[in-house]
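The values are calculated or read from the model by the stated rules, or taken from the named source; none is laboratory data. A quick note: this is a predicted structure, and the numbers were derived from the prediction, not measured. Don't worry about glycine lacking a Cβ; one is built from the backbone with ideal geometry, like all the others, and counts go over all protein chains shown. The protein model used for the area step is the full one, side chains on, heavy atoms only, and it has no ligands, DNA or RNA in it. Shrake-Rupley method; radii C 1.70, N 1.55, O 1.52, S 1.80 Å.
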Amino acid sequence: MKDVLLTVLRNKNTSTAEFRRASDKLSYILCAEVIAKLADRRVRVETPLDETDGLALPDDVMLVPVLRAAMAILPAFTDMLPDAPVGIVGVVRDEETATPNLYYKKFPVELPRRAVIIDPMLGTAGTSTLTAQLLIEEGIEPDNIHFAGVLAAPEGIDRLAETIPHSNITALAVDQDGLNAQYFITPGLGDYGDRYYGT
């Protein structure tokens, strides 16, 4: 199902409505994969027949969407992790140099132990690395910072893995062609935010 939905996103003829539907479904798949890495809280429950051990949703995680594209996939995360606080980071990328520039940051007063950076695309990793560094400055350990994205370039994964563990990076697909001269992931799917919001 994941590959079918990714194909819908990649198709340049996909309408805004179709793109949104596919993106919304993929967001839940992505969130489930991230939660599988975070769910380390063991609980004991009673079944109708006996007692058993199981896993509970993590209760020490902050979600950190990067404006604007990440707002498209944030609802799946807040739906599946309804108690998680949300910190917002706004970064604009220089289209010529791909240099990230921070223009907004808002975190909860009391930070949880772990954080998940949410951004659909991991290209140069400039934005996600900057966000990870902000979280580290706030006192969150690099080992406790995760990344969740739909599509990634190998260069971006390698760069972000210099700041947080490689195993903490979750992407539904990695485009091995990497980045083009304009720093876009190829074959990619274009600008996620523009396509989701119809701009």
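Taking 0.36 nm per residue of separation and subtracting the Cα-Cα distance, what length does fully extending A17 through E33 add?
Working: separation 16, 0.36 × 16 = 5.76 nm, distance 2.49 nm.
My answer for the length gained is 3.3 nm.
I'd like the antiparallel share, as a percent to the nearest 5, of DSSP beta bridges with both residues in the chain. Display every interim value, and only then the final one.
Numbers: 13 of 32 bridges.
The antiparallel fraction comes to roughly 40 percent.
Model label sites at R68 and D40, defined 7 Å from Cα along the beta-carbon direction, differ in position by 3.7 nm. Between the residues M62, V45, S15, the greatest Cα displacement towards the positive end of the dipole of the chain, with unit charges on the Cβ of Lys, Arg, Asp and Glu, is found for S15. Hey, how many Å between the Cα centroid of segment 146-173 and the Cα centroid of segment 49-102? Result: 14 Å between the Cα centres. For K2, a cut-off of 28 angstrom between C-alpha atoms picks up these lysines, skipping any fewer than 8 places away in its own chain: K12, K25, K37. Residues in segment 119-134, backbone N under 16 Å from the label point at V86 (7 Å along the Cα-to-beta-carbon vector): list them, ranges by number please. Counting only backbone N, you get 119-120. Based on DSSP H segments of at least four residues, each scored -39500 (n - 2.57), the chain has a per-residue ellipticity at 222 nm of -9500 deg cm²/dmol. Surface composition of the chain: carbon plus sulfur atoms hold 51% of the accessible area, using a 1.4 angstrom probe and ignoring ligands, DNA and RNA. Evaluated at q = 0.12, 0.24 Å⁻¹, the base-10 log of the normalised Debye intensity for segment 91-199, with identical point scatterers placed on the Cα atoms, takes the values -0.40, -1.42. Per the Debye calculation on segment 29-108 with a single equal scatterer at every Cα and no solvent contribution, log₁₀ I(q)/I(0) for q = 0.18, 0.20, 0.26 Å⁻¹ amounts to -0.85, -0.96, -1.20.
Please give the net charge around H146, taking every other residue with its beta carbon less than 13 angstrom from that of H146, where Lys and Arg add +1 and Asp and Glu add -1. Could the numbers behind the result be given before it?
On the way: positive: K37, R113, R114; negative: E33, D40, D60, D119, E141, D143.
My count for the surroundings of H146 gives -3.
For A161 and T47, what does the FRET efficiency come to when R0 = 30 Å and r is the distance between their Cβ atoms, rounded to the nearest 0.05? Computed FRET efficiency for A161 and T47 comes out at 0.15.
So if we plug the beta-carbon distance of A181 and N101 into 1/(1 + (r/R0)^6) with R0 = 25 Å, what FRET efficiency do we get, rounded to 0.05? The partial results should precede the final answer.
Working: r = 21 Å, r/R0 = 0.83.
In this case the efficiency is close to 0.75.
Quick one: net charge of R93's neighbours, Cβ under 12 Å, K/R +1, D/E -1? Could you put the intermediate results ahead of the total?
Values: positive: R68; negative: D94, E95, E96, D119, D191.
Once all neighbours under 12 Å are counted, the net charge is -4.
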